[in-house]
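Working notes for the structure below.
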Amino acid sequence: MAPSGSRSIRRGCKRVLYWIPVLFIALIVAWSYYAYVLQLCIESIEDTGEKVVYLLVYHVVFVLFVWAYWQTIFTRPLNPLKEFHLSHSDKELLEREDRGESQQEILRRIARDLPIYTRTNSGGTAGTAAAVWTRRSAAQCILKMDHHCPWVNNCVGFSNYKYFMLFLAYSLLYCLFITATDLQYFIKFWTKGLPDTQAKFHILFLFFSASMFSVSLASLFIYHCWLVCKNRSTLEAVRAPVFRHGTDKNGFSLGFSKNFRQVFGDEVKFWPVPIFSSLGDGCSFPTCLVNLDPELPSSPTGSNPAKGRQFPSKPLRESQSRLLTSTPSWSESDGATDKDKKGASNPAITIENEA
């Protein structure tokens, strides 16, 4: 076992390395600002009206893009209940284990008393409906985790998924605007229509970089738009959640309009602004399923009976917990007192080790 001092140094080095992609993006954006504003608009464009319009539109898109990117990076995952956070001893225990099976067993033990609603097909962990334990986020429970994005050095989930979507949208718009307005001057570069200054090299590379980023951003943005329309996370798209009645990849889909509002909220005026407006508390989610468990009260509307409620602090009844897993570690009985506990109506919690 490595000394605690060396582990601390190793963790510190990893934290620094995790910020390298963010620093790379920041440098690219800073250079693009210099190249577009100074070298293209101020130095190369002679028409004053065209110059003013380009600069005005550019700065509006630039501010929205940087604002959304900042929010995606620095919005920490929500942690509404203290049991959603690993203790110091549990963190050390996880870090000492290198084998995935041992780490999974530790997480199963920790999650035994949490209310569970879905699980994965493997049966060894709970499903991906709401949250994932991730070592990169200080062993926190990431509500409705989508993925860990190295370009923002943060886990994308319930608390910042809207920001991430706006970041993709505005970064794509930013690149497309630069590509479209830089095109005529890029052509002039090859036809010798620009003076032989350093500005033409900035214009050349600005067009190439903006167009290449546009292609990659467009594919990623379209994919996440599809996820929003289906009301799925990336993890759920890869591994469909298993409910009490079985696997259902569309279990959380409420229709296009309601799916969209789950992420962006009910007030249209807040949709394009990088401020939090998503619906719910990140713990309980409405589903399209009705009467999943005969022991649970039926919902006359066919929606999630836990919608609008705070996340319950008590675990599910023992009989309900057995429905969620085939592994004995999830259904260990603590005696007759467990049978008297009142279960939650429809919480959605995930316990999974995301490296």
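Provide the gained length on full extension for the span Ser6 to Glu50, in nm with one decimal, where the gain is 0.36 nm per separating residue minus the Cα-Cα distance.
So the extension gain works out to 10.0 nm.
Go through 95-101, 262-268, 161-167 and give me the packing order, highest mean Cβ count within 10 Å leading.
Going by the mean number of other Cβ atoms within 10 Å, highest first, we get 161-167, 262-268, 95-101.
Rounded to the nearest 0.05, what FRET efficiency do Thr197 and Asn250 have when you use their Cβ-Cβ distance and R0 = 51 Å?
0.35
Using 7 Å Cα-to-Cβ label points, what is the Met212/Phe276 separation (nm, one decimal)?
3.7 nm
Tell me the per residue accessible area of the stretch 1-75 using a 1.4 Å probe; a whole number in Å² is fine.
62 Å²
Any idea of the accessible area per residue across the stretch 181-248, 1.4 Å probe, to the nearest Å²?
Computed with neighbouring chains in place, this is 53 Å² per residue.
Starting from the residue with the highest accessible area, list Ser214, Ser87 in decreasing order, probe 1.4 Å.
From most accessible down to least: Ser87, Ser214.
Do the alpha carbons of any pairs in Lys144/Lys258; Lys91/Lys144; Lys51/Lys192; Lys162/Lys249; Lys91/Lys249; Lys14/Lys91 sit beyond 27 Å of each other, and which pairs?
Lys91/Lys249, as the Cα separations exceed 27 Å there.
Taking 0.36 nm per intervening residue step and subtracting the Cα-Cα distance, what contour gain separates His88 from Leu183 on full extension?
28.7 nm
Around Gly251, under 10 Å between beta carbons, what's the net of Lys plus Arg minus Asp minus Glu among the other residues?
Local net charge: 0.
Trp31 accessible area, nearest 10 Å², 1.4 Å probe?
Rounded to the nearest 10, the figure is 80 Å².
With a 1.4 Å probe and every protein chain kept in, tell me what percent of the accessible surface of the stretch 173-219 is carbon plus sulfur.
76 percent
The values are calculated or read from the model by the stated rules, or taken from the named source; none is laboratory data. Quantities reported herein were computed from a predicted structural model and do not represent experimental measurements. Note: ideal-geometry Cβ built from the backbone for every residue, glycine included; neighbour counts use all protein chains shown. Heavy atoms of the whole protein, side chains included, go into the accessibility calculation; ligands, DNA and RNA do not. Shrake-Rupley method; radii C 1.70, N 1.55, O 1.52, S 1.80 Å.
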